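Notes follow the structure.
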Amino acid sequence: MTGYYITVVGLMALVSYLPRVIPIVLLRKKIENKFLLSFLKYMPYGVLSAMIFPAVFTSCANPVSSAAGCITAVVLSFKRLGLLPVALISSAVVFIVERVMAVL
Amino acid sequence: MSSLTFKQGFTHGIPICLGYFSVSFAFGMIAIEQGFPIWVPVATSVTNFTGTGQFAGLELAAASAAVSEIVLTVLIINARYMLMSLSVAQKLCDDYSIGKRLLTAFGITDEIYAVAIRQTDALCPRYMAGLILCSYSGWVGGTILGGVCGSLFPASVISALGICLYAMFLAIVIPPASKSKPVALIAAGAAVASCIMNVIPGLKDIGSGWIIIICGAASAAMGAYFAPASEEDE
């Protein structure tokens, strides 16, 4: 079993590293194409949104506390709070909501 | 040229570190429950440093799946890193050596990419080192603690930390989206598309990695086609 584990973990490490290392090492020239530049500029927002929704609603113990945390994060983000305060306050809200729900 | 410091990188990594802690804690805990010896999840976190891929990989390994099946699954889940790596490569400062690129590549995760790419200055090695080291410590530390004392830790704290990464993503997306109409439409479009793909039975099976890359890339491509970004609103 140990041999199987070592093989699996080692090969997983390889296929986790290859997609990250190939572009950053091989593509050293700056891209000039306007469509491609716009695409790369916009991509983080598309990718992040797709990562947030719908996964955020299952990120905590239950959908209600997850939604409460999500709404808190949205409101604080509109108020331009930094990443760390948004993350910490949202976590605190989730914690409080779950404690209250446990009592009810 | 770049004014970003190691300390700034490390500080920017704190929300990632906390979010990673809760995710990798769960990873360590689940791996032990599945019957793995502690070194397996720890070695996986130390050498893989990726979320979904690790969960899927060990899930399959727990069922004694064929090595080829595991490798292919993890590769498909991680294919999205190619675009992120390409994106980060465009922002690196000029004196980024090959050796440092090889090291930085290991640290390109969804969250590190998201934080790095929003910096206005060019990315220098010391900033990336701070950002990656802080995040990585949460990832490895969480795995070890989850594996060793998963059942002792209060579930309420772990659950509350589960929102960290998503809250951070929202704090990254919302400010630019409220200033730029194309960004807002791209973000909204990707969110709706991702929700739809996750509820349609057949589509859901293609996996979360692909859904993210398809929704993200398709909405960004439409944005780039209909509203090409100009240099000045960098």
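The values are calculated or read from the model by the stated rules, or taken from the named source; none is laboratory data. The shown structure was predicted, so the numbers you read here are calculated from the model rather than taken from an experiment. Quick reminder, even Gly has a Cβ in these numbers, built from the backbone with ideal geometry, and neighbours come from all protein chains shown.
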Can you name the number of the only condition in (1) farther than 30 Å from B:SER180 by Cβ; (2) facing chain B (nearest Cβ under 7 Å) that A:THR2 fails?
-> (2)
Return the residue satisfying two criteria in turn: it lies in the stretch B:79-92 and is more than 7 Å from every other protein chain (Cβ to nearest Cβ) and closer than 17 Å to B:GLY51 by Cα, and of such residues it is modelled with the lowest pLDDT.
-> B:ARG80
Among what's in the stretch B:157-180 and is more than 22 Å from A:ILE96 (Cβ to Cβ) and either without any contact (Cβ under 8 Å) to a residue 12 or more places away in the chain or of a type outside the set (Ser, Thr, Tyr) (or both), pick the residue that is surrounded by the most Cβ atoms within 10 Å (Cβ to Cβ).
-> B:VAL173
Test: residue in the stretch B:14-30 that is surrounded by fewer than 16 Cβ atoms within 10 Å (Cβ to Cβ) and outside any loop (DSSP other than H, G, I, E, B) = no
Which one is surrounded by the fewest Cβ atoms within 10 Å (Cβ to Cβ), of the residues in the stretch B:93-126 that are among the aliphatic types (A, V, I, L, M), more than 7 Å from chain A (Cβ to nearest Cβ) and more than 18 Å from B:ALA167 (Cβ to Cβ)?
-> B:LEU103
State yes or no: is B:TYR81 surrounded by 17 or more Cβ atoms within 10 Å (Cβ to Cβ) and out of contact with any Cys (no Cβ under 9 Å at 6 or more places or on another chain)?
-> yes
Run down A:LEU83, A:LEU40 and say which single residue is at pLDDT below 90, in contact with a His (Cβ under 8 Å, 6 or more places away or on another chain) and crowded, with 23+ Cβ neighbours inside 10 Å.
-> A:LEU83
Any chance B:LEU72 is over 15 Å from the mean Cα position of the chain (by Cα), farther than 30 Å from A:PHE35 by Cβ, part of a helix (DSSP H, G or I) and not acidic (Asp, Glu) | yes
Return yes when B:ALA105 is free of Cβ contacts under 8 Å to residues at least 24 places away in the same chain, within 25 Å of A:ILE89 (Cα to Cα) and among the small types (Gly, Ala, Ser) and no when it is not.
-> no
Residue list for the stretch A:47-88, restricted to those being more than 8 Å from every other protein chain (Cβ to nearest Cβ) and among the hydrophobic types (A, V, I, L, M, F, W, C) = A:PHE57, A:VAL64, A:ALA67, A:ALA68, A:ILE71, A:VAL75
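Residues are listed down the side, and each one gets a yes or a no for (1) under 24 Å from B:MET84 (Cβ atoms); (2) in contact with a helix residue (DSSP H, G or I) (Cβ under 9 Å, 6 or more places away or on another chain); (3) not in a helix (DSSP H, G or I):
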residue: A:MET12; (1), (2), (3): yes, yes, no
residue: A:PRO19; (1), (2), (3): yes, yes, no
residue: A:LYS29; (1), (2), (3): yes, no, yes
residue: A:PRO44; (1), (2), (3): yes, yes, no
residue: A:SER49; (1), (2), (3): yes, yes, no
residue: A:PRO85; (1), (2), (3): no, yes, no
residue: A:ALA92; (1), (2), (3): no, yes, no
Within the stretch B:127-141, identify whether any single residue is over 17 Å from B:VAL23 (Cα atoms) and either touching a Pro at 6+ places or on another chain (Cβ under 9 Å) or aromatic (Phe, Trp, Tyr) (or both), and answer yes or no.
-> yes
Would you point out the residue of the stretch B:67-78, among those that are facing chain A (nearest Cβ under 8 Å) and buried (at least 17 other Cβ atoms within 10 Å of the Cβ), that is nearest to A:LEU11 (Cα to Cα)?
-> B:VAL71
Determine, yes or no, whether B:SER64 is facing another protein chain (nearest Cβ under 10 Å), out of contact with any Pro (no Cβ under 9 Å at 6 or more places or on another chain) and either of a type in the set (Lys, Arg) or outside any helix (DSSP H, G or I) (or both).
-> yes
Among (1) touching a Gly at 6+ places or on another chain (Cβ under 8 Å); (2) not assigned by TED's automatic domain parsing to the domain that holds B:ILE98; (3) not acidic (Asp, Glu), which single condition is B:ALA193 missing?
-> (1)
Residues of the stretch B:35-55 being part of a loop (DSSP other than H, G, I, E, B) and at pLDDT 90 or above, in sequence order, are B:PHE36, B:PRO37, B:ILE38, B:PHE49, B:THR50
Which one of the conditions (1) crowded, with 21+ Cβ neighbours inside 10 Å; (2) at pLDDT 90 or above does B:LEU58 fail to meet, given that it meets all the rest?
-> (2)
